[in-house]
């Protein structure tokens, strides 16, 4: 299946390279309208995106530099002249050359396009530090924590409006459960009377005990979409403990004050 | 299973996302840009929207704003396809109403994990 995706990618890149060349030729003739600049930018951006998916790291690195300069043109920070457009056309040729080599299974020489890269960086007024360039390994593993079985005590209190953002705490808790053994207690003390409940407001908070061999970063990643719309406390505990810690409940309904939901 | 729409002008990304999610059992809708996405989404309800940001005709940020203005999609999970380096665009997407993001490049497991996080 990967080969089929690659074939689609190379076919698409043929079109993108041509689109970029057409646009750059028009820019060379002084027709740098926003539509044309956008067309060129999107073409290179698209090539870079696909290259990342297949770990074509040299194409990613070069097209990133190219795209960055084009973005400056797009935002009006750079006014393209004939010299600049000539560099862009040569950069497009480098990308095309790299793609052809990848398609043929040939190694890309390390210095391929190095001179153009320097010119692109000079245009952008930067040295060759590749700031912000994607990392070489696009599918990297996290190595900040060695695998070990830990128990975490987590208090998750989403802000009331969290449901209106498309986030659903239940699914977040399910994603957390995918990381290990998970016990969850819901604190319903914030629930108003039934008649006063707004279905788009989140009134519940949760206390979770998670036993997992995943790193802390993996656990925090589960909450990344809601990190600025919740109170989150995570504590690593020495020994696995029962979720028996009392939670003060001030339920106004006849429901059980806490519900084990997982 | 939830219905997911992929909005991207890159056939490569489009194919990879759609294939991965179909294999995982999700129902798939597809659109090449924001304008086409709005047409598709008027005819058929999606439970999750995945959108690229840089697209012709209507970009991803505009699409997110348009969708959030529609009662049907006011609180539907919207995920933007972005890269680690696109912090500014990530912020712009969140301000427009995006629920979260999928970082490119992604592997199938990661993609499904993100979808499950917003749609079960």
Quiz prompt | Selected residue [away from chain B (no Cβ under 14 Å), surrounded by fewer than 17 Cβ atoms within 10 Å (Cβ to Cβ) and out of contact with any helix residue (DSSP H, G or I) (no Cβ under 9 Å at 6 or more places or on another chain)] from A:90, A:104, A:82 | solution = A:104
Practice problem: Give me a count of the residues in region A:156-200 that are part of a loop (DSSP other than H, G, I, E, B), within 14 Å of chain B (Cβ to nearest Cβ) and within 28 Å of the chain's Cα centre (by Cα). | Solution: 6
Quiz prompt | Yes/no for residue A:47 being in contact with a helix residue (DSSP H, G or I) (Cβ under 9 Å, 6 or more places away or on another chain), under 17 Å from residue B:56 (Cα atoms) and at pLDDT 90 or above | solution = yes
Self-check item: So residue A:8, is it surrounded by fewer than 20 Cβ atoms within 10 Å (Cβ to Cβ) and closer than 17 Å to residue A:118 by Cα
Solution: no
Quiz item: Are any of the residues in region A:80-93 without any contact (Cβ under 8 Å) to a residue 12 or more places away in the chain and either on the phi > 0 side of the Ramachandran plot or assigned to a helix (DSSP H, G or I) (or both)?
Solution: yes
Quiz item: Which condition number in (1) over 24 Å from residue B:12 (Cα atoms); (2) more than 10 Å from chain A (Cβ to nearest Cβ); (3) crowded, with 18+ Cβ neighbours inside 10 Å is the one that residue B:90 fails?
Solution: (1)
Quiz item: residue A:243 fails exactly one of the following numbered conditions: (1) away from chain B (no Cβ under 14 Å); (2) at pLDDT 95 or above; (3) surrounded by 13 or more Cβ atoms within 10 Å (Cβ to Cβ). What is the number of that condition?
Solution: (2)
Quiz item: Yes or no: residue B:23 surrounded by fewer than 19 Cβ atoms within 10 Å (Cβ to Cβ) and either modelled with pLDDT of 90 or more or closer than 17 Å to residue A:50 by Cβ (or both)?
Solution: yes
Quiz item: Out of (1) surrounded by fewer than 18 Cβ atoms within 10 Å (Cβ to Cβ); (2) away from chain B (no Cβ under 12 Å), what's the single condition that is false for residue A:24?
Solution: (1)
Quiz prompt | Top-ranked residue in region A:64-79 [being more than 14 Å from chain B (Cβ to nearest Cβ) and either in contact with a strand residue (DSSP E or B) (Cβ under 9 Å, 6 or more places away or on another chain) or outside any helix (DSSP H, G or I) (or both); ranked as farthest from residue A:116 (Cα to Cα)] | solution = A:76
Exercise. Go through region B:40-56 and give me each residue that's surrounded by fewer than 17 Cβ atoms within 10 Å (Cβ to Cβ) and closer than 18 Å to residue A:167 by Cα.
Key: B:45
Exercise. Taking the options A:53, A:43, A:61, name whichever one is in contact with a strand residue (DSSP E or B) (Cβ under 8 Å, 6 or more places away or on another chain) and within 14 Å of chain B (Cβ to nearest Cβ).
Key: A:53
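The values are calculated or read from the model by the stated rules, or taken from the named source; none is laboratory data. Given the structure is predicted, the values throughout are model-derived calculations rather than measurements. Cβ atoms come from the backbone with ideal geometry, glycine included; neighbour counts cover every protein chain shown.
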